[in-house]
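To start, the structure under review is shown below, and the notes come after it.
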Amino acid sequence: MSPRAIVVFAAAFAAGVLLNAQSRTVWEGVYTDAQAERAMATYDSVCSRCHTLTGQERGALTGDAFWTAFTQKSVGDLLTYVKTNMPNGNGGSLPPATYNDLVALILKSNGFPAGSVEVSPETVTNVQIIPKDGPGELPANALARVVGCLAKSGNDWVLTRATVPERIDKSVVGATDATRPLGTRSIALKFVLTRLDPFVGQRLSVSGLLIGAGGADGINVTTVNRVADNCL
């Protein structure tokens, strides 16, 4: 094989590996049963004071609370969150391997299948947390960003040609919001404190909490930013 062919092959192989890593989901088995079992002692002695592994009550690590917090995020995001925030008020105080094990226990408790590789920062960075039948809509109360064209519908402000809500961690403008292709949705803007009249017909980037799955009933607005003079 010529040197050039070797370079082409290596680039293609690397791209394939990257694509495969990015397309993995939590349904493919990203923890082991043994790892989840190891976490039980820590859970019982430290975590169970504030959390439960079943039910929907306050502090539950499963069910609606889990999906609302982590749908369309990665297991890497989950691991970072647990490391940073747990135990409550004393994040980062446990050994790194213990945090890995606790995430395995959370995954097991949410019904995701076990595999042959343990959770670690290197193995779960791009593993997506999505429902078994696909990403679907973001759940109600998820913090999200949408981009669209501002219009008035009766007494309500709406974004027309709005993009699919994108999950975010902070209410900030996206790097491509001024130029990204617009969508086909219409999303009502609720509880808006900013005066919007000057922005009619302009492209806005709006962040807030979704009302209804996918923002079906609107978005509870936290920030509004004009990102372009028109909606082209």
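The values are calculated or read from the model by the stated rules, or taken from the named source; none is laboratory data. These numbers were taken from a predicted model, which means no experiment stands behind them. Using ideal geometry, Cβ is built from the backbone for each residue, glycine included, and neighbour counts are taken over all protein chains shown.
So, in region 204-225, exactly how many residues are surrounded by 22 or more Cβ atoms within 10 Å (Cβ to Cβ) and assigned to a helix (DSSP H, G or I)?
Selection size over region 204-225: 1.
Taking the stated definitions as given, is T163 over 21 Å from V75 (Cα atoms), free of Cβ contacts under 8 Å to residues at least 24 places away in the same chain, buried (at least 17 other Cβ atoms within 10 Å of the Cβ) and outside the structural domain of Q35 (by TED's automatic domain parsing)?
On the way: over 21 Å from V75 (Cα atoms): yes; free of Cβ contacts under 8 Å to residues at least 24 places away in the same chain: yes; buried (at least 17 other Cβ atoms within 10 Å of the Cβ): yes; outside the structural domain of Q35 (by TED's automatic domain parsing): yes.
For T163, the condition - over 21 Å from V75 (Cα atoms), free of Cβ contacts under 8 Å to residues at least 24 places away in the same chain, buried (at least 17 other Cβ atoms within 10 Å of the Cβ) and outside the structural domain of Q35 (by TED's automatic domain parsing) - is met.
Being free of Cβ contacts under 8 Å to residues at least 12 places away in the same chain and either closer than 15 Å to A216 by Cβ or outside any helix (DSSP H, G or I) (or both) is the filter here; which residues of region 182-203 pass it? Let's see the steps before the verdict.
The first filter runs over region 182-203 and keeps only residues free of Cβ contacts under 8 Å to residues at least 12 places away in the same chain, leaving 195, 197-198.
Selection gives R195 alone.
In contact (Cβ under 8 Å) with a residue 60 or more places away in the chain, in a helix (DSSP H, G or I), over 22 Å from P165 (Cβ atoms) and aliphatic (A, V, I, L, M): does that describe A41? Quick ask: steps written out before the conclusion?
Numbers: in contact (Cβ under 8 Å) with a residue 60 or more places away in the chain: no; in a helix (DSSP H, G or I): yes; over 22 Å from P165 (Cβ atoms): yes; aliphatic (A, V, I, L, M): yes.
No, not satisfied.
Assigned to a loop (DSSP other than H, G, I, E, B) and modelled with pLDDT of 95 or more: does that describe D169? Step through it out loud before you land on a result.
Details: assigned to a loop (DSSP other than H, G, I, E, B): yes; modelled with pLDDT of 95 or more: no.
Criteria not met by D169.
Among S116, S109, S93, which is the only one that is surrounded by 15 or more Cβ atoms within 10 Å (Cβ to Cβ) and at pLDDT 95 or above? Even if it seems obvious, please write down each step before you answer.
Working: S116 fails: surrounded by 15 or more Cβ atoms within 10 Å (Cβ to Cβ); S93 fails: surrounded by 15 or more Cβ atoms within 10 Å (Cβ to Cβ).
Step by step, each of S116, S109, S93 is checked, and only S109 is surrounded by 15 or more Cβ atoms within 10 Å (Cβ to Cβ) and at pLDDT 95 or above.
Cβ-Cβ under 6 Å, sequence separation 6+ or interchain: first residue in region 119-136 and free of Cβ contacts under 8 Å to residues at least 40 places away in the same chain, partner assigned to a helix (DSSP H, G or I) and surrounded by 15 or more Cβ atoms within 10 Å (Cβ to Cβ). Which pairs?
Note: pairs meeting the criteria are S120/N100.
Here are some residues: V124, V147, V164. Which one is under 18 Å from the mean Cα position of the chain (by Cα) and under 17 Å from G201 (Cβ atoms)? So that I can check it myself, show each step before the final result.
Values: V124 fails: under 17 Å from G201 (Cβ atoms); V164 fails: under 17 Å from G201 (Cβ atoms).
It is V147.
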